[in-house]
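Novice: This is the structure I want to talk about, given as structure tokens.
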Amino acid sequence: MADTKTVSGVSYSPAMDAQTHEQTYRGFVRFVEIATGVVICWVLALAVGGIREAWLTAILGVVLSSVAGAVGAFAPAIGWKAPFVVAVLLALYLAFA
């Protein structure tokens with residue numbers, strides 16, 4: 001059962017580990033940012049393959065976005081910026097090729 005001895009929203013109860021909770025939340029938010037960037041890259045890669053019929057470029061975009069997502073996950077300073085670079089390259093290819 002849940003502990004109802006503390007008022008919700010005021011502070012953490014002594015049984016909760018606030019630091020671990022905050023760290024888990026930050027990790028989840030970082031994961032969602034990176035995963036959203038990778039999915040945007042996949043959609044752009046499908047557009048490149050479907051509109052420009054450049055399926056090898058689309059496959060390369062999917063592979064690069066996956067690698068960029070892994071780099072962003074292991075390097076918190078880079079984070080979502082790595083998949084964003086791949087998304088910009090795919091968008092430029094889609095617009096100008």
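Rule-based calculations on the coordinates, nothing more; no lab input. Predicted model, so just to flag it, every value in this text is computed and none were measured. No Cβ is skipped: glycine too gets one built from the backbone with ideal geometry, and neighbour counts run over all protein chains shown.
Novice: Can you order the peptides 75-86, 38-49, 20-31 by their average number of other Cβ atoms within 10 Å per residue, highest first?
Specialist: 38-49, 75-86, 20-31
Novice: Mind listing P(r) for the stretch 21-70? All alpha-carbon pairs, 10 Å bins, whole percents.
Specialist: So the P(r) values, bin by bin, are 29, 38, 20, 10, 2.
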